[in-house]
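The next block holds one structure in the form of structure tokens; read it before the comments.
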2 protein chains.
Amino acid sequence: MAVPAEGRAAPSDCELCSSAGGRLLWSGGNWRIVRVQDTDFPAFYRVISLRHVREFSELPAPERQHSMELVCAVERVLIEQLRPTKVNLAALGNMAPHLHWHVIARFDWDSHFPQSIWGPRQRDVNPAAELRLGIELEALDGLVTAAASGA
Amino acid sequence: MAVPAEGRAAPSDCELCSSAGGRLLWSGGNWRIVRVQDTDFPAFYRVISLRHVREFSELPAPERQHSMELVCAVERVLIEQLRPTKVNLAALGNMAPHLHWHVIARFDWDSHFPQSIWGPRQRDVNPAAELRLGIELEALDGLVTAAASGA
């Protein structure tokens, strides 16, 4: 099977071709990093392919490796700054079939834990999740941006 | 922060330390590959760390890279053999915090599509999902095993 290593033409209805997919923090190589603005999961970042490809294996190995170095760098910032119960990594793309990695800090008190963020809500959280992080999101964004530049 | 690169002692209650986590297909380096026996998602494989580590970033870079080469190899087999609507990749670990990658072929007719496999069921599937794959699971397992050996 031919692997479309150079990606396909961006479909006009792809939301990750036509919008950043979150607050744009960094861009380099084939990747950008954004923070998703989600009240339930405030420490939720995405590493998004700049080219429209559907699947991880469609990319050449150096680009795959770079994406995982970026995912890893974001994860380390989340672990060191937030001490989350768990970090969740995922590239699903069922709704937006444009390659992107979710990197999400999860806490045993969050709205869905231990379910996935796509599963059933387990509880309401009060005070709001963002207030429990112990760091301002803009400061966290700054550390993520710095880590991406070094990855 | 110290990163426990060599892993932690296996806790006695970790299900991925005490059991294979599926039908064992292959093992090499720090990884094993199993097929999860799931009626809704018959083409569901896992790449599981042999050592008990919680998070992807706790591993040294060569082991991280090997895991993603294995994930990619499994994904290519699923794409080439099954032509799925999408492949889902995820390392969550909220329930079993022992590093493992899910590699799941998804179809627009499956029980949960376009929701994640952890989301709400969308439909019943009849005939059963396994019968729709167009290949016997044992043959698919054989191709996955061969691909892992070459990754």
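Results, tabulated for the structure shown:
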item	result
Test item: Cα-centred dipole of the protein assembly as shown, Lys/Arg +1 and Asp/Glu -1 on Cβ, debye	40
Global size of the protein assembly as shown as Cα Rg and Dmax, reported in angstrom	18.5, 52
In degrees, nearest ten, helix B:137-150 long axis to first principal axis of chain B (Cα)	40
When the convex hull of its Cα atoms is projected in every direction, mean area for chain B (nm²)	9.2
Chain B - percent of accessible surface contributed by carbon and sulfur, probe 1.4 Å	49
Options A:P60, A:P97, A:P84, ranked by Cα towards positive dipole end of the range A:41-137, top entry (Cβ charges)	A:P97
B:Q65 paired with B:L50, simple spin-label distance in nm, labels 7 Å along Cα-to-beta-carbon	1.9
Chain A - Cys residues lacking any other Cys C-beta under 4.7 Å	A:C72
Cα→Cβ-extended label distance, 7 Å offset, between A:S18 and A:R83, nm	4.5
Helix-only CD estimate at 222 nm, as mean residue ellipticity for chain A, using -39500 (n - 2.57) per DSSP H run (n ≥ 4)	-9000 deg cm²/dmol
The range A:54-100 versus the range B:88-151: alpha-carbon centroid distance in Å	19
Chain A - charge dipole about Cα centre, Lys and Arg +1 at Cβ, Asp and Glu -1, debye rounded to 20	160
Computed lengthening from B:R123 to B:D40, 0.36 nm per intervening residue step minus Cα-Cα distance	28.8 nm
Residue of chain A nearest the A-to-B rotation axis [by Cβ], rounded angstrom distance	A:A90, 2
Debye log10 I(q)/I(0) at q = 0.25, 0.26 Å⁻¹ for the range A:99-148, Cα point scatterers	-1.04, -1.06
Along chain B, longest interval not containing exposed trypsin sites (Lys or Arg not before Pro), exposed being DSSP loop plus at most 14 other Cβ atoms within 10 Å	B:9-120
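The values are calculated or read from the model by the stated rules, or taken from the named source; none is laboratory data. Everything quoted here is computed from the prediction, not taken from an experiment. No Cβ is skipped: glycine too gets one built from the backbone with ideal geometry, and neighbour counts run over all protein chains shown. Surface areas here come from the heavy atoms of the whole protein model, side chains and all, with no ligands, DNA or RNA. Shrake-Rupley method; radii C 1.70, N 1.55, O 1.52, S 1.80 Å.
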